[in-house]
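We did not get these values from a lab; they are worked out from the coordinates using the rules stated. Everything numeric here is computed off the predicted structure, so don't read it as measured data. No Cβ is skipped: glycine too gets one built from the backbone with ideal geometry, and neighbour counts run over all protein chains shown.
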Amino acid sequence: MSSELSTPDGAAALVTGGTSGIGAAIARAILVAGTPVALTGRDGERAAQAAEALQRETGTECVGLALDVTEEASCAALPGALEGFRPIEWLVNNAGVAETMSSTAAGSLDLARRLMEINYFGPLRLFEAFAPGMLERGRGRVVQVASSASLRGYPYVSAYVGSKHALMGWTRCAALECAPKGVGVSAVCPHYVDTPMTRRSIETMKEKTGRTEEDLRAFLASQNPGGALITVEEVADAVLSLLRSERSGVIHELTGGAQVVIEEGVSIEAR
Ligand SMILES: NC(=O)c1ccc[n+]([C@@H]2O[C@H](COP(=O)([O-])OP(=O)(O)OC[C@H]3O[C@@H](n4cnc5c(N)ncnc54)[C@H](OP(=O)(O)O)[C@@H]3O)[C@@H](O)[C@H]2O)c1
């Protein structure tokens, strides 16, 4: 096991939304690096099956648990539920949802509230549950799977963009507060990634426009500054590098051609 890539002996990582897409790739990369993982999804059976498959594939311990990040009590109870597992030293807030709607449509306020509950308050609930343990031990890392939607606007996704901007603002503040206490808080901001979420968007666009899947995939790739859809493995690599970083408040943008450090953050003080 590479000590450079792992949490200290006995500790583990928690990846929310680890049943699919980017979260599953992050869980796999952490397990391959030799660190045990607890992954979550809303359906406990699906999460357990995903964890079992990843443990079989990588040979590193992985457990799957049910968690809806909108449920305050379940998030607060998660450290207790993991007591028999290991202390969580790496938290990856990946679970998230994207939905499209015009900002002028009836119902846009309801959608904005719903996405804030998942994409903004979800990561905050997990932070509230696990940060005290990290701060007490004087070490830990939190990585937010944010988005290019944390950095700029796009038409018809104001609820998603609002929730991801809010997450980025919060992350910048928490990063500065935690760095002197041995804990790092950073974020990755990918443009379009080839995942089930993106494939669902392509299906919606297909129904609305009549364009072919191939055409729409090429269109989304052309929207990425690097000209290609990002792979889940590229996002997982960026997350791992932030989990291993000695800096807090680092922001990586993934363009579909390059991984760019757009904010360098501050040094984490050893405790
Ligand atoms: N795809 C992209 O182009 C892209 C680009 C930038 C950023 N992102 C971000 O990357 C993250 C992962 O996206 P993805 O593309 O991998 O999407 P995905 O394949 O749809 O996976 C989303 C994950 O989030 C979980 N999830 C959804 N709602 C949840 C809730 N209320 N509570 C707990 N878990 C929940 C899902 O698990 P269950 O269904 O099992 O509950 C699933 O594991 C999201 O935060 C997204 O905003 C995606």
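Centre-to-centre, using Cα atoms only, the stretch 239-271 and the stretch 107-139 are separated by 20 Å. Both radii come from the Cα set of the stretch 49-108: Rg as radius of gyration, Rh as Kirkwood radius; their ratio Rg/Rh reads 1.13. The C-alpha atoms of the stretch 226-271 occupy a region whose extents along the principal axes are 41, 18, 9 Å, arranged from largest to smallest.
Packing around the peptides 194-201, 161-168, taken as the average count of other Cβ atoms within 10 Å per residue, puts them in this order, highest first: 161-168, 194-201. The charge dipole of the chain, taken about its Cα centre with unit charges on the Cβ atoms of Lys, Arg (+1), Asp and Glu (-1) only, comes to about 360 debye. Near residue 228, once Lys and Arg are set to +1 and Asp and Glu to -1 for all other residues with Cβ below 12 Å from its Cβ, the sum equals -1. When the chain is described by a simple charge dipole with +1 on each Lys and Arg Cβ and -1 on each Asp and Glu Cβ, the residue from 35, 69, 219 located farthest towards its positive end is 219. Placing +1 on the Cβ of every Lys and Arg and -1 on the Cβ of every Asp and Glu, with nothing else charged, gives the stretch 114-271 a dipole about its Cα centre of roughly 340 debye.
Rounded to the nearest 500, the helix-only mean residue ellipticity at 222 nm of the chain stands at -14000 deg cm²/dmol, with each DSSP H run of n ≥ 4 adding -39,500 (n - 2.57).
Relative to the Cα centre, the charge distribution of the stretch 22-125, modelled as +1 at Lys and Arg Cβ and -1 at Asp and Glu Cβ, gives a dipole magnitude of about 180 debye.
Global size of the stretch 70-202: 15.8, 49 Å for Rg and Dmax (C-alpha atoms, Rg to one decimal, Dmax whole). Using all pairs of distinct alpha-carbon atoms, the Kirkwood hydrodynamic radius of the stretch 1-81 works out to 12.6 angstrom. The translational diffusion coefficient of the chain, from Stokes-Einstein at 37 °C and 0.692 mPa s with a Kirkwood hydrodynamic radius over alpha carbon pairs, comes to 176 µm²/s. Note on the chain: dipole from Cβ charges, positive end direction compared against 192, 106, 174; the farthest Cα belongs to 106. Relative protection proxy for 54-62, 97-105, from highest mean packing down: 54-62, 97-105 (other beta-carbon atoms within 10 angstrom).
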